[in-house]
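K.L.:
One structure, as structure tokens, below. Some questions next.
Quick note: the coordinates plus some simple rules give every number you see, no bench work behind them. A quick note: this is a predicted structure, and the numbers were derived from the prediction, not measured. Quick reminder, even Gly has a Cβ in these numbers, built from the backbone with ideal geometry, and neighbours come from all protein chains shown.
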Amino acid sequence: MHRDFIITNEQGIHARPATNLVQKANQFKSTISLTFNGVTTDLKSIMGVLSLGVTRGSLVSIHITGEDELEAMQEITKLINTINM
């Protein structure tokens, strides 16, 4: 399962939202990845997420595979929508 998001947060995915995303992703058993500009990283890795340098207006994709993928996507979608406010 995958979903695309436009990051509207003025500062993009900087340290605090990246930490929140990684903590949320680590609550699930599924494999969760984040893709930006053709580069994919494990959403459960803070260094991987920060290394992408996601800025405001960026299109990112979340890919989730596993037994709790639906719940994981719902929770991560809620979090990204909160970050984008």
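K.L.:
Among all the aspartates and glutamates, which ones have a C-alpha under 20 Å from LYS44's C-alpha, if same-chain residues fewer than 8 places away are not counted?
P.N.:
In chain and number order, the partners are ASP4, GLU67, ASP68, GLU69, GLU71, GLU75.
K.L.:
Check each of the GluC sites (Glu not before Pro) in the stretch 36-85 and keep only those in coil by DSSP with at most 16 other C-beta atoms within 10 angstrom; list them in order.
P.N.:
Qualifying residues, ordered by number: GLU67.
K.L.:
Another one. Using the number of other C-beta atoms within 10 angstrom as an exposure proxy, rank LEU50, LEU43, LEU21 with the fewest first.
P.N.:
Sorted ascending by nearby Cβ count, the order is LEU50, LEU21, LEU43.
K.L.:
In a Gaussian network model over the chain where Cα atoms closer than 10 Å are linked, find which of ALA25, ALA72, ALA15 has the largest mean-square fluctuation.
P.N.:
Its mean-square fluctuation being the largest, the pick is ALA15.
K.L.:
Here's another thing I want to ask about it. Volume per residue, Å³, of the convex hull around the alpha-carbon atoms of the chain?
P.N.:
Roughly 72 Å³ of hull volume per residue.
K.L.:
Let me ask something else about it. Fewest to most neighbouring Cβ within 10 Å: what's the order for ASP68, ASP4?
P.N.:
Lowest count first: ASP4, ASP68.
K.L.:
What is the helix-to-structure angle for 69-83, meaning the angle in degrees between its Cα long axis and the longest Cα principal axis of the chain, kept from 0 to 90 and rounded to the nearest 10?
P.N.:
Helix 69-83 and the main axis of the chain meet at about 20 degrees.
K.L.:
Compute the relative contact order of the stretch 2-83 as a whole-number percentage, counting only Cα pairs closer than 8 Å that sit 6 or more residues apart in sequence.
P.N.:
42 percent
K.L.:
Helix-derived [θ] at 222 nm for the chain: sum -39500 (n - 2.57) over DSSP H runs of at least 4, divide by residue count, nearest 500?
P.N.:
Computed mean residue ellipticity for the chain: -11500 deg cm²/dmol.
K.L.:
Please report, in debye to the nearest 20, how large the charge dipole of the chain is about its Cα centre when each Lys and Arg carries +1 at its beta carbon and each Asp and Glu carries -1 there.
P.N.:
The dipole of the chain has a size of about 240 debye.
K.L.:
Mind pulling the angle between the C-alpha long axis of helix 15-25 and the longest principal axis of the chain? Nearest 10 degrees, somewhere in 0 to 90.
P.N.:
The helix 15-25 is inclined about 10 degrees to the chain.
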